[in-house]
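Notes to accompany the following structure.
The values are calculated or read from the model by the stated rules, or taken from the named source; none is laboratory data. Small disclaimer: the values here were computed from a predicted structure and weren't measured. All Cβ positions, glycine included, derive from the backbone under ideal geometry; neighbour counts span all protein chains shown. Just so you know, the surface numbers come from the protein's heavy atoms only, side chains and all, with ligands and any DNA or RNA stripped out. Shrake-Rupley method; radii C 1.70, N 1.55, O 1.52, S 1.80 Å.
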Amino acid sequence: MSTGANGLWGDGGAYQAWVAFLRRWADFEDVDPAALPAITEEQYDGATVQRLTVHLGGALDRRLKAWARQLTLAMGPANDEFSYGRELAQARTGLQSIRAMAGHPGLPQKLRTAMTELVDRQIPELQDQLERFLDDAIRRGGDARLLEERRRTLRDNALTGVLAQSPPPPATGAAPDPWGYDPAAAPRRRVITD
């Protein structure tokens, strides 16, 4: 990195590139994480790395919350176990993209480890929330047999399945998995024939 004649950064450097990217990524804009510059721990002082941590944590939190809201909406109309299981299985793609950002190789190792662990702690909590929702439905007088089938489907397609995998590398311009999707991303076009 170079500085101008007065010693000030001309464009904000790698830190500013990351902050701008995280804002756009949190808003679900189509951005390429592979273009992000690497940041080393020695490159910035502790206060700057802390500010980057806050930006990264905020972006991850927004994506996780949007993912959870959209998953809930997607599962609502799932009227059979196949549909419910499909929504769960496909939604893991969204979790994988969030884990990939938390563990981006351009981040300092300590930050990458801490953020990946933070995201990974949220996933079992999300699974538990879905289980508690089924418990509440039984207590409210729902059909216990149907709700137990739903619980079996939830466990067979557990969101925690992504934890058995190492975080994927950040997405690039490569073609996405046609069977996976991020439920919080912009909707895809559907063609329904009669």
Q. So what is the accessible area of segment 18-128 per residue, in Å², with the probe set to 1.4 Å?
A. 48
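Which of the three applies to segment 106-168, rounded, prolate or oblate, going by the alpha-carbon gyration tensor with a ≥ b ≥ c and a/c under 1.5 meaning rounded?
prolate
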Q.
7 Å from Cα along Cα→Cβ at both Leu146 and Arg24: what's the point-to-point distance in nm?
A. 4.6
Q: For segment 1-132, calculate the relative contact order in percent as a whole number, restricting contacts to Cα pairs under 8 Å that are 6 or more residues apart.
A: 23
Q: Beta carbons within 10 angstrom, averaged per residue: use that to sort the peptides 15-26, 71-82, highest first.
A: 15-26, 71-82
Q.
With viscosity set to 1.567 mPa s at 4 °C, what whole-number translational diffusion coefficient in µm²/s follows for segment 87-135 from Stokes-Einstein and a Kirkwood radius over Cα pairs?
A. 110
Q. How far apart, in nm, are two points set 7 Å out from the Cα along the Cα-to-Cβ line at Ala38 and at Leu134?
A. 4.5
Q | Where labels lie 7 Å past Cα in the beta-carbon direction, separation of Gln109 and Ala47 in nm | A | 2.8
Q: Calculate what fraction, in whole %, of the accessible area of segment 19-121 sits on carbon and sulfur atoms when a 1.4 Å probe is rolled over the protein chains.
A: 54
